[in-house]
1. State whether the residues of region B:483-495 include one that is in contact with a Gly (Cβ under 7 Å, 6 or more places away or on another chain), within 9 Å of another protein chain (Cβ to nearest Cβ) and under 30 Å from B:L229 (Cβ atoms).
2. Evaluate region A:71-90: report whether one residue or more is of a type in the set (D, E, K, R), surrounded by 14 or more Cβ atoms within 10 Å (Cβ to Cβ) and under 30 Å from B:G530 (Cβ atoms).
3. Go through region B:288-315 and give me each residue that's more than 13 Å from the chain's Cα centre (by Cα), outside any helix (DSSP H, G or I), within 30 Å of B:T275 (Cα to Cα) and not polar (S, T, N, Q).
4. Name every residue in region A:287-299 that is within 15 Å of A:I261 (Cα to Cα) and out of contact with any Leu (no Cβ under 9 Å at 6 or more places or on another chain), in order of residue number.
5. Looking at region B:331-371 only, could you name the residues that are within 16 Å of B:S262 (Cα to Cα), of a type in the set (G, A, S) and not in a loop (DSSP other than H, G, I, E, B)?
6. Residue under question is B:T417, and the condition is that it be assigned by TED's automatic domain parsing to the domain that holds B:A292, buried (at least 18 other Cβ atoms within 10 Å of the Cβ) and closer than 29 Å to B:L319 by Cα; does it hold?
7. Give B:N125, B:N89, B:N152 a once-over and let me know the one that is in a loop (DSSP other than H, G, I, E, B), within 26 Å of the chain's Cα centre (by Cα) and of a type outside the set (A, V, I, L, M, F, W, C).
8. Kindly check whether there is at least one residue in region B:446-457 that is touching a residue at least 60 places away in the same chain (Cβ under 8 Å) and over 30 Å from B:G255 (Cβ atoms).
Amino acid sequence: MKIYIYKGFERFWHWTQVLLIITLALTGFEIHSSYSLFGFQTAVQIHGISAWAYLVLIVFSVFWHFTSGEWRQYKPTIKLLIEQIEYYITGIFKGAEHPTRKLVYNKFNPLQRLTYLGLNILVIPVMGITGFAYMFLNYPNTAFELKGLDIVGLIHTIGAFSVVTFIIAHVYLTTTGHKPLSAIMAMLTGWEEVGKDDARAMLVNEMEVALKITKTRLKTDENKSELLDDALIETEKIMGMKKEEKFQNVIAKSGAGYFRINKMGYYGAVNDAWVRLYKYDSPEEIIGKHYSLSRTKEDFAELEKSFNRVLEGETIPHGEVRRICKDGSCGFHTVTMTPVVMNGQVVGVEGFILDTTVRRLAEKELLENKILMEELLKKKGK
Amino acid sequence: MEIKSFKKIDFFMKKSVSTLLFFFVFQWIAFSQQADSSVPHSTKLSIENYIFKADRKISSPVDHNKFTILQQDFKRPQDVTLACLSCHNERHSELMVNNHFTWDRKEKILNHGTISVGKKNILNNFCIGVESNEAMCSKCHAGYGWVDTTFNFQAKENIDCLVCHDKTGTYVKGAGGMPTPQTDLNLVAQNVGHSSSENCGACHFKGGGGNNVKHGDMEKAMLNADRNLDVHMAKEGEDMNCTECHVTVDHNITGKLYALSSENNDRVTCEQCHTEAPHKNKILNKHTDRVACQTCHIPTYAKANPTKTFWDWSTAGKLDENGKLIEIKDSLGDVIYFSKKGSFHWGRNLKPEYRWFNGLAGHHLVTDNIDTIPVQLNTLDGSYGDKGANTRSLAPSKIWPVKIMRGKQPYDTEYNTLLQPKVVGKKGSGAFWADFDWSKSLEKGSEYIHQPFSGKFGFVETEMYWPLNHQVAPADQALRCTDCHARGDESRLSELDGFYLPGRDQYNWLDYLGIIMLVSTFVGVLIHGGLRIFFRKNISH
């Protein structure tokens, strides 16, 4: 299964870096008199031009990392670090699973995070600084002048050896993906071949993150959703589309219901969607009541279990559950429950419910049709 | 439908922006390289303060043939001078303070302060010194009659105009600087003009007793030079005269060499015409901050005729069984032994040696005590760390190409000073070239300069530095990067220490460590990969 994991700029950034680093290393070691390849003068010129090109690339990539939030990928962590090292030392030979999964929002394992962070904030900046010091901080730059190039040369050479060592290990480790070439193909096309489990985990993770973002948006302030409305109307106008309903209404009718229950199990707040899904007339009707009314007796036991776990601090994404509405009828929805935290204390449970009744009905219809069809086919066969 | 096309546009935009970005970087690389790698000698040089050969106007407003005063029967050469001065009636005042006449210059010498020294009293390791030998040395003096201390530097008639202004090529000076008896003074006096390279070369090519002996980069072959020998003086090229660079106003001839002078002024520089940034390549122009033009553009010297590199006076004085002078030549015809002078080494197409130099020089005076061996007859001041702030040069030291003349010459073993021998004179005068007796020669010489002589002497090694300036090679023969930026002896600067030179210097321990790191990573990766393949087979079975 293929998963889109590296964006266009990211790939451009990566391969341009490959080109520049190889060029810099080849010319750099020639300037170091390790061998002769291009000729010293050409090597010096190429080295200088590549250095400037790299600087431009760095400016672009820093901008990209911060605007896209991708910089978070490099946040160092020691969680699963040991496991990752152990995997490379022993697990990989036994055919063990990778201890970490590659996810869109967490595509590096802890070792990668540390290594790339080291490259990005230590090795490459140091190479850049010493490199440009090499070029500019000598006579007649009297304002800030190096006494000589010895220290700069020393550091720059150490950096060069480190980078080349990195390249050897890095290129080798690309072969440890799902298939030997899947990591390299991913960096070329953006799409990485992964196992089914990985793909599923990645999807779940993506949904989690998307939900988190939506939640924060809706929770933080109402003005924002109003702005969204305006924007939507404007876009509709531009595109020549006509839509009467406001976004807020769309949300309200979309089936995304919000609820908050206090520690004792009484409803503190529900939104209009929730009220509509449970077929109540207004939120006031439900606020202050115990949440046990939302389930049949059998189903409530499971909900209570989850409720208590959330009070312990867990976030629980539920699969499909059955609700009991005001009029006693049933409906289906998925629910996510997260703890409400105030001053470090869990004071309740909140969450979203997404209606699945319509889908349920459609599925039912489909099933019925299928049965009908099969019966028809049977008859025909006879 | 509309949404679809919108998406298409969006996709198209994204692609084109990233493609543009991609090409931007590479186009930039391509263009900037193009601009940098342009070949210097195929493009026109940027020259200032110089009149090209094609634009030079050579005309003389005066025909000296027609002056009756020059028709007279000159009894003495001094009468010619007086005749010259009868029209050029203030020129003598310029000449009488000119070091071509005084052989003396008041300058600040490192470690000596400001004193008056010059050719007349500074020692070298060729013919050693002028004093007590004036009769011979003054063959190259722009004056008449200097044979001893009685010479009158204040008499304007003692100036020799002709040696510099003769256009006939027949003017030859002999003992005491007097023209040889066969010289036709009328002919010479009626054919005078601007000094040419021939005039300058009559003396400056022959320093040290023969063609190219002293400088190594100044010799008669330059009068008929091709481009390879000297781009400036090449006959088929610009055919430049000495004075094209050694600009002269009121007889003040710019340029002087550190064999005698000490201060960084009145110099002739490449930059005066070629500017501070003569290269198209920025990196080369940056080199000029710390590297003299001469370093790269005079890759070799003594290109046409050999120059002396070593002169050992200690072996001088051997005569054959008949008491005659001995002269030994090597296979190339160079004299390697001569009874009067001792033993020599010669060199052709020599690579210069290189030194940091800031334009200030010191000199070992005859009165100085010997404190280093080899004795440094002159010292070129400078170092990598000297960036001009603490020296009077006010400019940083640059790497200069230098001819280093080495030799052995007499010194007083008791008083520990160099000695001035008397070499020129009649038999019985104590002159070494007549009597071949060092004791007497040194005694007479010391007596002449009023310097104590213990009577005990030996020969001490000496060194003398001659910065190179002439015989500039065509650009395509200039030094390449790797002539200096190379490891070990491959670098021409291998002996110049105290600074980190990329390509020449590296930390051996770091290189070893780095290579060990690279190799071990590579081997580690191979082993790891091999094990993976091995175990995968095992697992699948």
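The values are calculated or read from the model by the stated rules, or taken from the named source; none is laboratory data. Since we're looking at a predicted model, the values are computed, not measured. Every residue, glycine among them, receives a Cβ derived from its backbone with ideal geometry; neighbour counts consider all protein chains shown.
1. yes
2. yes
3. Keep residues of region B:288-315 that are more than 13 Å from the chain's Cα centre (by Cα), which gives B:288-291, B:296, B:303-306, B:308-315.
From the residues that got through so far, the ones that are outside any helix (DSSP H, G or I) too are B:288-291, B:303-306, B:308-312.
Subsequent filtering for residues that are within 30 Å of B:T275 (Cα to Cα) retains B:288-291, B:303-304.
Scanning region B:288-315 gives B:D289, B:R290, B:V291, B:K303, B:A304.
4. Matches in region A:287-299: A:I287, A:G288, A:K289, A:H290, A:L293.
5. B:A361, B:G362
6. So B:T417 fits the description; yes.
7. B:N125
8. Within region B:446-457, the subset touching a residue at least 60 places away in the same chain (Cβ under 8 Å) is B:448-449, B:451.
Next, only the ones that are over 30 Å from B:G255 (Cβ atoms) stay: B:448, B:451.
Among the residues of region B:446-457, at least one is touching a residue at least 60 places away in the same chain (Cβ under 8 Å) and over 30 Å from B:G255 (Cβ atoms), which makes the answer yes.
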